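Trainee: I am attaching a structure below and will ask some questions about it afterwards.
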Amino acid sequence: MNSKIEQLLAEVEQFTADTEQKIEEFRIKMLGKKGVLTRLFDDFKTVSAERKKELGQKLNVLKNKAQDKIKTLKDQLGNGSSDSSLSVDKTMPGVRSEVGTRHPLSVVKNEIVEIFNRLGYVTAEGPEMEDDWHVFSALNFAPDHPARDMQDTFFINTDSDNPILLRTHTSSVQVRIMEKQQPPIRVVCPGRVFRNEDISARAHCIFHQVEGLYIDENVSFADMKQTLLYFTREMFGENVEIRLRPSYFPFTEPSAEMDVSCTICGGKGCNICKYTGWLEIMGCGMVHPNVLEACNIDSKKYSGFAFGMGVERIAQLKWQVSDIRLYFENDVRFLNMFRTVV
Ligand code: PHE
């Protein structure tokens, strides 16, 4: 029996295998129900009392070594560190790893921001979760203005007199800049905004904006018009016209809505521009003196203009995507359509 154990110990020591199957065969042979160890343990019962201790210990060593060996070989296989070159077919074609693309909304947002960067505007970002002061009060919204209503705004905490909410526009970032910095100020503020609206092909409760602000001495409405015309032509092409229509925002006076001549039909009239020849793309106006004062900027010395546009809207006009929801579903079939756009 001793020599049998010695022989098996040597066998375990030398054994190596590079497939799951070979390891399993070895396990059955050594440790299986009808394996050699089972038989040896049976024989062990008949061993004389004075040899039991020595042989018993040896048998246990053999069993442990066999178990360790099987575990080590299995681990090696699992790690792919088997040294056998047979398990790798080096002639097989490689698997190409997919390269991602920039999201179409990021492409458009970057394009908008870069146009203003070229005009000397710096990019600024701020928190998506804001307080009432930065989103409404500092921007001259009356305490009972309907935009504060639960219908439009996602409130997080209304316990204090300065409630916490999800920003409904990135004008809040402009307030933060004005509070920190004296003019001249030239910033663009891209970011995600939230409004409590039903999701449809044309509206979403989450969307993206780029807003801008320019404050200095003697900034005029004409400066705004020229800046926005420059932006529009950089974005949509040399032949595009703009028009400004009177509008209302609490934080600008006068306020306007800016239209561009329809990028699809060139102004002749089509179903995208609803046969008007014009598409609305942004709100704008001269910063209200109350806003400047709320941010400790002298409204007698300084004036400025602000504007804000929706990134989804610009993207929609650029690529004629009729359903805004596609931008949020992240279906790779949709996203891959913009592969070459970057
Ligand atoms: N903040 C406005 C909005 O979200 C857009 C805007 C910005 C209008 C600046 C005028 C001036 O709709």
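The values are calculated or read from the model by the stated rules, or taken from the named source; none is laboratory data. Only a predicted model underlies this, so the values are computations on that prediction, with no experimental measurement involved. Cβ atoms come from the backbone with ideal geometry, glycine included; neighbour counts cover every protein chain shown.
Trainee: Test L244 against the stated conditions and say whether it is of a type in the set (A, V, I, L, M, F, W, C) and over 34 Å from the mean Cα position of the chain (by Cα).
Mentor: yes
Trainee: Moving on to the next point. What is the number of the single condition among (1) of a type in the set (A, V, I, L, M); (2) at pLDDT below 95; (3) exposed (fewer than 14 other Cβ atoms within 10 Å of the Cβ) that A147 does not meet?
Mentor: (3) is the only condition that A147 fails.
Trainee: Please indicate, with yes or no, whether at least one residue in the range 299-312 is assigned to a helix (DSSP H, G or I) and of a type outside the set (V, I, T).
Mentor: Within the range 299-312, one or more residues are assigned to a helix (DSSP H, G or I) and of a type outside the set (V, I, T).
Yes/no per residue for (1) buried (at least 21 other Cβ atoms within 10 Å of the Cβ); (2) modelled with pLDDT under 95:
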{"residue": "R245", "(1), (2)": "no, no"}
{"residue": "E253", "(1), (2)": "no, no"}
{"residue": "E257", "(1), (2)": "no, no"}
{"residue": "Y275", "(1), (2)": "no, yes"}
{"residue": "C284", "(1), (2)": "yes, no"}
{"residue": "V291", "(1), (2)": "yes, no"}
{"residue": "D298", "(1), (2)": "no, no"}
{"residue": "F338", "(1), (2)": "no, yes"}
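So that you can scan it fast, the table gives a plain yes or no per residue for (1) touching a residue at least 24 places away in the same chain (Cβ under 8 Å); (2) more than 11 Å from the ligand (Cβ to nearest atom); (3) part of a strand (DSSP E or B); (4) of a type in the set (G, A, S):
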| position | (1), (2), (3), (4) |
| --- | --- |
| D223 | yes, yes, no, no |
| T227 | yes, yes, no, no |
| R233 | no, yes, no, no |
| P246 | no, yes, yes, no |
| P254 | yes, no, yes, no |
| I264 | yes, yes, no, no |
| G269 | no, yes, no, yes |
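Trainee: Within the range 182-196, restricting attention to residues that are surrounded by 14 or more Cβ atoms within 10 Å (Cβ to Cβ) and farther than 19 Å from M282 by Cα, which residue is modelled with the lowest pLDDT?
Mentor: Once the filter is applied, the top-ranked residue is N196.
Trainee: Out of all the residues in the range 275-296, which are in contact (Cβ under 8 Å) with a residue 60 or more places away in the chain and either more than 16 Å from the ligand (Cβ to nearest atom) or more than 36 Å from the chain's Cα centre (by Cα) (or both)?
Mentor: Result: N290, N296.
Here is a yes/no grid of residues against (1) closer than 30 Å to A17 by Cα; (2) assigned by TED's automatic domain parsing to the domain that holds V210; (3) under 29 Å from the mean Cα position of the chain (by Cα):
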site: L59; (1), (2), (3): yes, no, no
site: N64; (1), (2), (3): yes, no, no
site: Q76; (1), (2), (3): yes, no, no
site: S97; (1), (2), (3): no, no, yes
site: V113; (1), (2), (3): no, yes, yes
site: V122; (1), (2), (3): no, yes, yes
site: P143; (1), (2), (3): no, yes, no
site: R148; (1), (2), (3): no, yes, yes
site: N162; (1), (2), (3): no, yes, no
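Trainee: Filter the range 300-328 for residues that are buried (at least 16 other Cβ atoms within 10 Å of the Cβ) and within 23 Å of R176 (Cβ to Cβ) and give the result.
Mentor: Y302, S303, G304, F305, A306, F307, G308, M309, G310, V311
Trainee: Name the single residue that is surrounded by the most Cβ atoms within 10 Å (Cβ to Cβ) among those in the range 86-117 being free of Cβ contacts under 8 Å to residues at least 24 places away in the same chain and farther than 24 Å from F334 by Cα.
Mentor: Our first condition is that a residue be free of Cβ contacts under 8 Å to residues at least 24 places away in the same chain; within the range 86-117, this holds for 88-100, 106, 110, 114.
Now restrict to residues that are farther than 24 Å from F334 by Cα: 88-94, 114.
Details: V88: 10, D89: 7, K90: 5, T91: 5, M92: 7, P93: 5, G94: 5, E114: 12.
Among those that are free of Cβ contacts under 8 Å to residues at least 24 places away in the same chain and farther than 24 Å from F334 by Cα, it is E114.
Trainee: Restricting attention to strands (runs of 3 or more DSSP E) lying wholly within the range 125-208, give those where 3 or more residues are farther than 17 Å from F249 by Cα and away from the ligand (no atom under 15 Å from the Cβ).
Mentor: Strands (runs of 3 or more DSSP E) meeting the threshold: 155-157.
Trainee: If we keep just the residues of the range 313-325 that are more than 13 Å from the ligand (Cβ to nearest atom) and charged (D, E, K, R), which is modelled with the highest pLDDT?
Mentor: Step by step, filter the range 313-325, then rank; the result is R325.
Trainee: Still on this structure, I have one more. Here is a check on your reading of the model: is E211 away from the ligand (no atom under 16 Å from the Cβ), in the same structural domain as E312 (by TED's automatic domain parsing), outside any loop (DSSP other than H, G, I, E, B) and under 27 Å from L326 (Cβ atoms)? Step through it out loud before you land on a result.
Mentor: On the way: away from the ligand (no atom under 16 Å from the Cβ): no; in the same structural domain as E312 (by TED's automatic domain parsing): yes; outside any loop (DSSP other than H, G, I, E, B): yes; under 27 Å from L326 (Cβ atoms): yes.
Spelling it out, it is not the case that E211 is away from the ligand (no atom under 16 Å from the Cβ), in the same structural domain as E312 (by TED's automatic domain parsing), outside any loop (DSSP other than H, G, I, E, B) and under 27 Å from L326 (Cβ atoms).
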